[in-house]
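The values are calculated or read from the model by the stated rules, or taken from the named source; none is laboratory data. Here the structure is a predicted model, which is why all the values come from computation and not from measurement. Every residue, glycine as well, gets a Cβ built from its backbone with ideal geometry; the counts of neighbours run over all protein chains shown.
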Amino acid sequence: MGGFGKNELATKRGYTYRLTRRQFLVASSAAALAACGPAAITPSASPSASPGKELKIGQLLPFTGVYAELGNSMRRATELYLKLNDQKLANRPVKLVYGDDANVTATGVQIAQKFIDQDQVDVMMGVVPTPLAYGIRNAVHAAKLIFIDTNAGGNALTRDTTDCKPACKSPYIFRASFSSYQISYPIGDYLSAKGTKEFFLAYANYGFGTESAADFTTGLKKNGGTVTGNVAPPLANPDFAPFVTQIKNQPTKNVYSFFSGADAIGFIKSWNSLGLPAAGYKMYGAGFLTEQDVLKEVKDLANGAVTSLFWAVELDNPENKKFVADFQKAYPLLPDVFAVQQYDGMRALDEALKSLGGDTSDKDKLVKALEDVTFKSPRGDFSFDKSTHNPIQDIYIREVKTQNGQTVNTITDKIAKVTDPGK
Amino acid sequence: MSPELVFQQALNGLSFGALLFILASGLSLVFGMMDVVNLAHGAFYMLGAYVALSVVQATGSFWLALLVAPFALGLLGFVLEPLLLRRLRGRHLDQVLLTIGVSLVIVDVIGQVWGREVRSLSAPAGLDGSVTLIGGVYPVYRLFVMAFGVALAAAMGIVYRRTRIGMLIRAGVQDAEMLGALGVDTNRLFASTFAAGAALAGLAGVIAAPVFGVQPGMDTDPGLLYSLVVVVVGGLGTLSGAVAGSVLVGPADTFGKVLFQDVALAVIFAIVALVLLLRPTGLLGRIRIAR
Amino acid sequence: MLVALGAAALVTFPYWSAPWASRFATTLLRDALILAIFALSLDLLVGRAGMPSLGHAAFFGGGAYAAGIAGQQLATDQLPVTLGAAALVGAVLALVIGVLVVRSEGIFFLMLTLALAQIVFAIAFQWTAVTGGSNGLSGIGRPMLASIDFSSPDLMYVLVAVTFVLAALVVWGLARSPYGRALIGVRENERRMRALGYDTARLRLSAFVIAGTIAGIAGALSAYSTRFVSAQDAGLGNSVRAFVTVLVGGAGTLGGPIVGSAVVSLIERVVPSILPTDLRISEALLGLVFIGFVLFARQGMAGLGRSAWLRVSRR
C-alpha cells in the first residue's frame, strides 16, 4: 500500500512514539517468543501448497470525517495481520476492497450495497458508527453476506428486539468488538459491589452515550447503587466548561462518564482546569474515555480515572506483548483498541476459514465455523456467543497512571467472561 | 441554580462569547466590506488551528503560533481574493457560492497534509493555571480569552474610527463603487479586507484551540455554524453587531445547553430564528438587502 | 417523441442493460435519479425563483422520516399513503419555514434557510422517541402499490425512475406556464412584478412549498432505497450537496440538475474507488469542479452543452 510507510506516517503526524525501556522489554520478549515458536506466526498451510482462490474482503471504514483516525488504525491492523500471515487467510490470497463512509450513514449504506452487488465480496468487515451498523443490517442480512463488525457497539445489533428496531441480530453478523452493555454494565456492578454506590452521570447525548449510561445505571442498581443526576452535552460539543461547572456544583463526588475522542479530551481538560480533582471529584468511565487517542493529548491530566474496557495496551499476556511489538515494528505508534478489534476480526475469520479449508461457498457452514472459533486474543480468551454472535470476553478495570513519563491504563482488576444479556 | 452557579456559568458564557467574537469578527469584517458571506471562514479557522499545531510542535511556542497562523491565513486570503472572488466582482451570491467550493478543498487538503487525528493544543505556560474566584477555581486561560476578545474589539473599533484604513472600510461599507470612482484602489482594498478576515479566522484557530480542540469537523462545528449564528443574530457586517451577537449567543448557548439539554442542538438556531423574525437585519444590522 | 422514448429507455434501464451492466449500475443510477429529483426541486428555487436555499435538506429529510414513520404508525406499506405523507410533511415544513423566509433575499435568505434547517436537523437528531435520534430510523417498510412490491432492486429503480420522469414533467410544465414565467419575473425584478399587481411574497412562498413537496418525495424514495433514515439526511451536508448539484448542472434549466447529479454521483461514488485509499480528496475534487463552474461556466453543464450545440448548428 503506497504512502503508508513508517517514515511518512511519522512525519505526517509530526511525532513519533519512542520506545520506553518497558516497551523495549515487551518487544524483545515478544521477539524471543517468536524465535521459540515460529509456528505461532506462520499460517498453518504448508508453503508448498498452491494458493487458493482469491478471498475478497470489503472493509467499510471511515477515512475522512470525525472518525477518520479510527478507520486508519483499523486499516493498519488489517494490513499488519495480512503481512504477518503472508497476505493470505487459510491459504487464500486476500484482496481488500476499502470503502470510505466518511461517517455519513447514507454513504456507508451505498458502499455496503456496492460491496454486495459490484465487488461481490466474500466477507465484509469494519463499521465504526453504530447508526451505520444498524443502517446496513437489513441489506447484509438479506444478501446473506458475512459481516464481522469490528467496532460499532450498539446493543441491538446482536440482540433480539421488538420489530427489529433499531436493529437486531442476524445469523450472518458477528461482532469482534463489544456491546455497549459490556463496557458499561460490569463496571457499574463492580463499583457498587465494592461499596461505591452514588454516582453522577456525564455522557454524550446520542444513542451510544445514553445506552452506555443506562447500562451503567442498571449495573449500579443491582447492588443498591443510585444515580443522583446527569449532564448530557450534545455529541461533538465544543465547550465543556458549562457541563463540568454543573458537576462541580452538585455534591456527588463520583462521576461516571461516557465520552470518546475529541469530546473526551475536552471533558478531561475542563475537568482539570476547573479544579475538580482538588475538590475531591473522581472520574470513572467506559474505557474509550481514556484510550490512546485521548491519553496522548491529555497525558497526566487523566491520572486517577477508573475505566472499564476489554483491553489495554499494558495488558500482560504473551499475545498482547507480541501484538504490541508487531504493531510497533510496522508502525511508529502504539496500537489502540480499534486496532485490536480489527485484528481479532481478521483472526476469527482466519481461524474459521482454516477449519473449512478456505471454503466460503457454503454460508451456513461458515457461520457455524465462526461460531466455533476460539483463540487467545491480545485481550484474553476470545469466542463468540453462539446465540448472539457478540464476543464473550473479560472486562478489565483500569486506572490511568503516569509511569516513567508515559501515561497508561494500568490493570487493577478483571471481570471474567462477560456475556451480553441478549438472547 | 444557586447564585454562585449562575455567576460561574455567566463567566463560562462570556468567555465562550469572547471566543465566538474572535471567531466571527473576520466573517463580519469581510461581509461589511464586500457583501460576501465567506462560507470558507470555518475552513480558514480550521487551517489556522492546524498551522498553530505545527508551529507549536516545531518550536514549542504558542505565542509564535499566534503570530504565524494569522499571517499564513492572511497570505492565503490575499492570494485567493484576486484569484477567485475578484473575477465575480459585483455578483455577491456567486462569490458566496464560490467560498463553499473553497471550503471543500481546504478541508480535504488539511486532512491530507496533517492527517485526520483528534488533536489538541495546551494553553501557553503562565496561562495554563487556575485562579480562585467566587465558587472555586477558574482557568486563567478563559479569563485571558475574555481580555483578548475585548482588546480585539477595541482595537478593531479604533482602526474603524481613527485610521485611514478604517475610513476606507467605513466608506466601502456604504458604497464601494463610489470609493472606486474616487480613485481608491478597490482591488487592493478588497484583497486586504479578505486577507484581514482570513487572518482573523486564523487567529481564532489559535486562540480557540486550547478550549475547542483541533479535530476533523471543526470547520463546520463550531467554526462556520457558530460564526454565522453570531453575525446573523448581531447584525451582518458591523463591528457592534458582532460584539452584540457574541455577548448574547455565548451565554445563551451556555445556559441553554445545561438547562435544556435534550434540545441543546436546536437552542442557538431557535435564537437565530427568533431574532430574525423580530429584527430581520439582526440586533444591530444595517438595513440593506444584498443580492 | 424523442423525450418519451428517452423516458421509456430510462425507466426500463435494468432490463435492457442486464447483459452488460451489473446491478451496481442500477443502484448507482437509482441514487443519482433521487439526487436529480432533489436537485430539480431545489432548482425551482435557485434557478427559477432566485431563492438560494441552503436548507433544502430539511424537506428531503422530513419526507424521508414521514414515509418511514407513517408506514410504521399506520401499519401500511401502501405507497400512496407513505409517499403522500412524505409530500405532505415536505409541504408543511416548507410552508412553515417559507413564511419566515420569503421576505428576505439573497444572502439573508441563504443564512435563514440554513439556520431553520439546522433546527429541523436538531429535532431529528434529538427526538429519539419519534425519529430514532442519532441511531436513525430503521425498519422502513416495503414500497407497495396495491399488491405490487417494489422492494426488489430492479423494481425499486423503476419506481424511482418513474417518479423522476413525473417530477421532471411537473417542473417542466411549471416552468413553461404563466406561473413559471411570473417566478422568473420575481427573480429578475421583484419591484416591477409587484407594480404589475403580483403578490410576489405569495408567489415565492408557493414556489417554496412546491419545491418542499418534491424534495419530500425524493427523501421518501431515499428512505425506501436505503431502508434507513439518518438525521444527516436533513443536515447541512446534504443541503450543500444539492446546491452543488444544481450549480454544476446549471441552474434554471431542466437538464441541469439531471446532468449535475450524474457528475456529483460520479465524483462521490466512482472516483473514490479509483483513487488510492491514501488519497482521500473526492470532496476537494467536488469543490474544484464546483469552483470551476461558478467561475467560468455559471450556466453549468447544461448551459455549456447548449452553447456548444448552438455553435455546431449555426455552421
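Looking at segment A:215-235, which of its residues are touching a helix residue (DSSP H, G or I) at 6+ places or on another chain (Cβ under 6 Å), small (Gly, Ala, Ser) and not in a helix (DSSP H, G or I)?
Scanning segment A:215-235 gives A:Gly225, A:Ala232.
Given (1) part of a helix (DSSP H, G or I); (2) surrounded by fewer than 24 Cβ atoms within 10 Å (Cβ to Cβ); (3) modelled with pLDDT of 95 or more; (4) not β-branched (Val, Ile, Thr), identify the lone condition not met by A:Gly304.
(1)
Can we say A:Val400 is out of contact with any Ser or Thr (no Cβ under 6 Å at 6 or more places or on another chain) and among the β-branched types (Val, Ile, Thr)? Don't jump to the end; show me each part of the working.
Values: out of contact with any Ser or Thr (no Cβ under 6 Å at 6 or more places or on another chain): no; among the β-branched types (Val, Ile, Thr): yes.
No: the conditions fail for A:Val400.
Would you check which residues across segment B:66-86 are within 12 Å of another protein chain (Cβ to nearest Cβ), surrounded by fewer than 24 Cβ atoms within 10 Å (Cβ to Cβ) and touching a Phe, Trp or Tyr at 6+ places or on another chain (Cβ under 9 Å) and list them?
Our first condition is that a residue be within 12 Å of another protein chain (Cβ to nearest Cβ); within segment B:66-86, this holds for B:80, B:83-86.
Of the ones still in play, those that are also surrounded by fewer than 24 Cβ atoms within 10 Å (Cβ to Cβ) are B:80, B:83-84, B:86.
Passing the criteria: B:Leu80, B:Arg86.
Within segment C:16-50, can you find the residues that are farther than 26 Å from C:Ala86 by Cα, in a helix (DSSP H, G or I) and in contact with a helix residue (DSSP H, G or I) (Cβ under 7 Å, 6 or more places away or on another chain)? Full working, then the answer.
Keep residues of segment C:16-50 that are farther than 26 Å from C:Ala86 by Cα, which gives C:16-25.
Still in the running and in a helix (DSSP H, G or I): C:16, C:23-25.
Scanning segment C:16-50 gives C:Arg23, C:Phe24.
Within segment B:175-196, is even one residue in contact (Cβ under 8 Å) with a residue 12 or more places away in the chain, surrounded by 22 or more Cβ atoms within 10 Å (Cβ to Cβ), in contact with a Gly (Cβ under 6 Å, 6 or more places away or on another chain) and in a loop (DSSP other than H, G, I, E, B)?
no
May I ask you to list the residues in segment C:36-90 that are surrounded by fewer than 24 Cβ atoms within 10 Å (Cβ to Cβ), over 26 Å from C:Ser177 (Cβ atoms) and in contact with an Asp or Glu (Cβ under 9 Å, 6 or more places away or on another chain)?
C:Gln72, C:Asp77
Would you be able to tell me the number of residues in segment A:236-259 that are more than 9 Å from every other protein chain (Cβ to nearest Cβ) and in a loop (DSSP other than H, G, I, E, B)?
Counting residues in segment A:236-259 that are more than 9 Å from every other protein chain (Cβ to nearest Cβ) and in a loop (DSSP other than H, G, I, E, B) gives 5.
Looking at segment C:156-244, what helices (runs of 4 or more DSSP H) fall wholly within it and have at least 3 residues that are within 14 Å of another protein chain (Cβ to nearest Cβ), on the phi > 0 side of the Ramachandran plot and of a type in the set (Val, Ile, Thr)?
Numbers: elements: C:178-188, C:190-195, C:200-226.
Hits in segment C:156-244: none.
Give the residues of segment A:52-82 that are within 20 Å of A:Pro335 (Cβ to Cβ), of a type in the set (D, E, K, R) and either at pLDDT 95 or above or assigned to a loop (DSSP other than H, G, I, E, B) (or both), sorted by residue number.
A:Arg75, A:Arg76, A:Glu79
Mind checking which pairs have a first residue in segment C:181-197 that is under 18 Å from C:Ser104 (Cα atoms) and a second that is among the hydroxyl-bearing types (Ser, Thr, Tyr), Cβ under 7 Å, 6 or more apart or different chains?
Within 7 Å, the pairs are C:Val186/C:Thr200; C:Glu190/C:Thr200; C:Met193/C:Thr200; C:Arg194/C:Thr200.
Just give me the residues in segment A:202-217 being more than 12 Å from every other protein chain (Cβ to nearest Cβ) and either within 13 Å of A:Phe267 (Cβ to Cβ) or among the aromatic types (Phe, Trp, Tyr) (or both), in sequence order.
Matches in segment A:202-217: A:Phe216 only.
Scanning for something more than 9 Å from every other protein chain (Cβ to nearest Cβ) and either under 20 Å from C:Ser225 (Cα atoms) or without any contact (Cβ under 8 Å) to a residue 24 or more places away in the chain (or both), does segment A:68-83 turn up at least one residue?
First, pick out the residues of segment A:68-83 that are more than 9 Å from every other protein chain (Cβ to nearest Cβ): A:70, A:73-74, A:76-83.
The next check asks that each one be either under 20 Å from C:Ser225 (Cα atoms) or without any contact (Cβ under 8 Å) to a residue 24 or more places away in the chain (or both); those that pass are none.
No, there is no match, as no residue in segment A:68-83 is more than 9 Å from every other protein chain (Cβ to nearest Cβ) and either under 20 Å from C:Ser225 (Cα atoms) or without any contact (Cβ under 8 Å) to a residue 24 or more places away in the chain (or both).
List every residue pair whose Cβ atoms sit under 6 Å apart, with the two residues 6 or more apart in sequence or on different chains, where the first one lies in segment B:271-285 and is facing another protein chain (nearest Cβ under 9 Å) and touching a residue at least 60 places away in the same chain (Cβ under 8 Å) and the second, anywhere, is buried (at least 20 other Cβ atoms within 10 Å of the Cβ) and part of a helix (DSSP H, G or I).
Final answer for the pair search is none.
Could you list all residues from segment A:396-420 that are loosely packed, with under 15 Cβ neighbours inside 10 Å and assigned to a loop (DSSP other than H, G, I, E, B)?
Scanning segment A:396-420 gives A:Asn404, A:Gly405.
Only residues that are surrounded by fewer than 24 Cβ atoms within 10 Å (Cβ to Cβ) and either in contact with a helix residue (DSSP H, G or I) (Cβ under 6 Å, 6 or more places away or on another chain) or at the interface with chain B (Cβ under 9 Å from one of its Cβ atoms) (or both): list them for segment A:277-286, please.
Matches in segment A:277-286: A:Ala278, A:Ala279.
In segment A:281-300, how many residues are touching a Pro at 6+ places or on another chain (Cβ under 9 Å) and within 25 Å of B:Val137 (Cβ to Cβ)? Steps first, answer last, please.
If we filter segment A:281-300 for residues that are touching a Pro at 6+ places or on another chain (Cβ under 9 Å), which is where we start, we get A:283, A:292.
Checking which are within 25 Å of B:Val137 (Cβ to Cβ) leaves us with A:283.
Adding up the residues that qualify gives 1.
Is it the case that segment B:60-80 has a residue that's among the β-branched types (Val, Ile, Thr) and modelled with pLDDT under 95?
Restricting attention to segment B:60-80, the residues satisfying the condition of being among the β-branched types (Val, Ile, Thr) are B:68, B:79.
Right, trim to modelled with pLDDT under 95 and you get none.
No, there is no match, as no residue in segment B:60-80 is among the β-branched types (Val, Ile, Thr) and modelled with pLDDT under 95.
Restricting to segment C:100-134, count the residues that are aliphatic (A, V, I, L, M), more than 10 Å from chain B (Cβ to nearest Cβ) and under 18 Å from C:Val209 (Cα atoms).
1
State the number of residues belonging to segment B:20-42 that are part of a helix (DSSP H, G or I), more than 16 Å from B:Met156 (Cβ to Cβ) and within 10 Å of another protein chain (Cβ to nearest Cβ).
Total satisfying the criteria: 0.
Residues that are basic (Lys, Arg): find the helices (runs of 4 or more DSSP H) completely inside segment B:223-279 holding 1 or more of those.
Values: elements: B:225-234, B:239-259, B:264-278.
The helices (runs of 4 or more DSSP H) meeting that bar are B:239-259.
Quick one: count up the residues across segment A:352-375 that are buried (at least 18 other Cβ atoms within 10 Å of the Cβ), under 16 Å from A:Asp385 (Cα atoms) and either touching a residue at least 24 places away in the same chain (Cβ under 8 Å) or not aliphatic (A, V, I, L, M) (or both).
The number of residues fulfilling the criteria is 4.
Restricting attention to segment B:87-139, report how many residues are of a type in the set (Ser, Thr, Tyr) and within 14 Å of chain C (Cβ to nearest Cβ).
Taking segment B:87-139 first, the residues of a type in the set (Ser, Thr, Tyr) are B:99, B:103, B:120, B:122, B:130, B:132, B:138.
Adding the requirement that they be within 14 Å of chain C (Cβ to nearest Cβ) leaves B:99, B:103.
Total meeting the criteria: 2.
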